[in-house]
Each structure stands twice: as C-alpha cells, then as structure tokens.
Amino acid sequence: MTDSEKNIIRELLEEVFQAKQSQSPEALAKAQSMYEATEPSKVKGKRRRLQQDNSDIQLVLDELKQTIEDCPTKVELLQWTQSNVFSILDSSETSSSPSSSALTKGDLTTTQQLRLVQHLIPNLMRNFRQRFSDPHLALFIFKAVRNQSTQSYVYGCSTATYNELIALLWDSFRDLQGIRDALEEMLLNSVDANGQTQNKAERACREAMDDKLWLDRTEEGDEVAMTTLSSISDLLVDLMAAKENKAGEYGRRRRDMLRGVRRSDRQEDDSEPGW
C-alpha cells in the first residue's frame, strides 16, 4: 500500500469516526482498530520486522547452500538431503519434533524452516543434474517431495522447483510430454508461473520445432509431438492468465494450508515465550 493510499484510507476512517461517534460503540471500535492499523509507526514497525525476518532466513539459506556445495559426492548430498530436508517435511506434517538437522538449529519457526526448504529443493535438483550429472536423482528429489504429503507439495513444489523440473525434463530427457504434464500440474494446483517458466517451456518448444528433437520420428510420432507442443502453448497462456486470478478452489486450498502452518507457529510462540 502506498503512502497516498494510506492517507486516503485514513481520511475515510476519520469521516467514519465523525459519523459513528453518536451511534454504535461496536462500529466505533472497529473503525478505531482500522485507523490504528494505518498509523505510519506501526506499519513501519511491521515492515522492519518482516525485513529482519527475511534477512535472517537469507543468511541461513546462504550457509545451507554452501553446505550443499561442499558435499563432494552425490551419495553424501543425498544423505544430507534425507537428514536435513525430508526430516523437516516429515515433522511438519505429523507435528512431531524433528530430529536434529541443519534447519532446526537456532530459533527458526516451522514456517521459516519450510521457507528454507522451498528454496533448497530446486537448488538440490540443480546440483544433482548439473554438478553430478545425475538427472534421475534430481527427478527422484522432485517426486519424493511431491508425493510425500500435501504440505510437502505446497512448500516443496514451488514455482522455482517446477522451473527446474522443466529444464531437467528437456535438457536431460527431451521429454515434451513431461513438460506438458508439469504445466498441467501447476495449473491444477494453482502454482504460479513466472517469466522463467515461460522462457524454459518456450525454449523447449522452439528447439524441438527447429531440430525435431523427440524420440519417435515416425509420422505418427511427429503428429503426437505437434499436438504436445500446441498443448504446452495453450497451458502457458492459461497459467499466465491464472496468475491474475487467485479466487479458484485450488488457490483457496493452497492458501488455507499456508494459513494453517502460520497458526501453528503462533501457537508455538504462545507456549514457548523464549522463542
């Protein structure tokens, strides 16, 4: 909200005060609450806390990414992933206390831990695909996160994760149908597409068209490939349009899941005042 918008709201609320002072105390109390929420000092305080929170998470994320880079073999990286990432997803779903891991050190809330996971999943997939030349392990990471639980999917299968999946499916497998299925999944589950999603999918379509890069080079295979390319284009249009409309049923479910995790964090705060 811009400063000018806040000023307009405050002016409207001041009019509400004048109109309501001789009427119901409930309406006046509601207006008072709305008015106080627009006070610059409180808005700035919330913004500062949010900025500090993001800064703290970024510091931890940088350390974790460096730890990933320091894993010398793909076996060690897979073990680290199972111990430090999948354990967080398990514990957040069951409400049990996670075993000690790199993400549970310090005073991170459940939501903060899951935000870290959200950034780590595409990074892990990229490391397996590029650094260790093992796209099958990268695909395993995606499928494990997607199939583990609803909450695992909500946090782990983000836009960045799907973007990495699209790059993986094309660069490693030349899998146009897999890209189409991934885009359909994004649309069905209200996962936002962004410019990278569009660029990666369009690059796959362009390279496929230029050099006929699909496995079945028969006449029937060519027809299937062209149908798939058309479907990918249509899905990209639908995804970019859906980004402007978050009122769908799946979008509501996704937001409800996120709110549920935040509520659990608030309960943790109430029961553990030291955090």
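The values are calculated or read from the model by the stated rules, or taken from the named source; none is laboratory data. Note that this is a predicted model, so its numbers are computed, not measured. As a convention, Cβ positions derive from the backbone with ideal geometry for all residues, glycine included, and neighbour counts pool all protein chains shown.
Determine, yes or no, whether residue 172 is part of a loop (DSSP other than H, G, I, E, B), of a type outside the set (Val, Ile, Thr) and either out of contact with any helix residue (DSSP H, G or I) (no Cβ under 7 Å at 6 or more places or on another chain) or surrounded by fewer than 22 Cβ atoms within 10 Å (Cβ to Cβ) (or both).
no
Pairs, please: C-beta under 6 Å, at least 6 apart or cross-chain, first residue assigned by the TED database to the domain that holds residue 80 and modelled with pLDDT of 95 or more and in the range 120-131, second outside any helix (DSSP H, G or I) and surrounded by 17 or more Cβ atoms within 10 Å (Cβ to Cβ)?
Qualifying pairs under 6 Å: 128/134.
Hey, among 180, 203, which residue is assigned to a helix (DSSP H, G or I), surrounded by 14 or more Cβ atoms within 10 Å (Cβ to Cβ) and touching a Ser or Thr at 6+ places or on another chain (Cβ under 6 Å)?
180
With the requirement that a residue be of a type outside the set (A, V, I, L, M, F, W, C) and either surrounded by 18 or more Cβ atoms within 10 Å (Cβ to Cβ) or closer than 25 Å to residue 58 by Cα (or both), what does the range 115-134 give you?
Correct list: 115, 118, 119, 122, 123, 126, 127, 129, 130, 131.
Residue 112 passes all but one of (1) in the same structural domain as residue 82 (by the TED database); (2) at pLDDT 95 or above; (3) buried (at least 16 other Cβ atoms within 10 Å of the Cβ); which number fails?
Unmet condition: (2).
Any residue at all in the range 151-165 that is of a type in the set (D, E, K, R), within 23 Å of residue 69 (Cβ to Cβ), outside any loop (DSSP other than H, G, I, E, B) and more than 11 Å from the chain's Cα centre (by Cα)?
yes
Would you mind finding the one in 219, 164 that is of a type in the set (Asp, Glu), outside the structural domain of residue 123 (by the TED database) and farther than 27 Å from residue 82 by Cβ?
Selected residue: 219, the only one of 219, 164 that is of a type in the set (Asp, Glu), outside the structural domain of residue 123 (by the TED database) and farther than 27 Å from residue 82 by Cβ.
With the checklist (1) under 28 Å from residue 196 (Cα atoms); (2) modelled with pLDDT of 60 or more; (3) not hydroxyl-bearing (Ser, Thr, Tyr) in hand, flag the one item residue 102 doesn't pass.
The number of the failed condition is (1).
I want to confirm something. Restricting to the range 141-150 and keeping residues that are part of a helix (DSSP H, G or I) and in contact (Cβ under 8 Å) with a residue 12 or more places away in the chain, which single residue is farthest from residue 189 (Cα to Cα)?
Among them, the one singled out is 141.
Checking residue 241 against (1) in a helix (DSSP H, G or I); (2) surrounded by 15 or more Cβ atoms within 10 Å (Cβ to Cβ); (3) within 27 Å of the chain's Cα centre (by Cα), which test does it fail?
Unmet for residue 241, out of (1) in a helix (DSSP H, G or I); (2) surrounded by 15 or more Cβ atoms within 10 Å (Cβ to Cβ); (3) within 27 Å of the chain's Cα centre (by Cα): (2).
Counting only residues that are among the aliphatic types (A, V, I, L, M) and modelled with pLDDT of 95 or more, which one in the range 151-168 is nearest to residue 190 (Cα to Cα)?
Per the stated criteria, the residue is 160.
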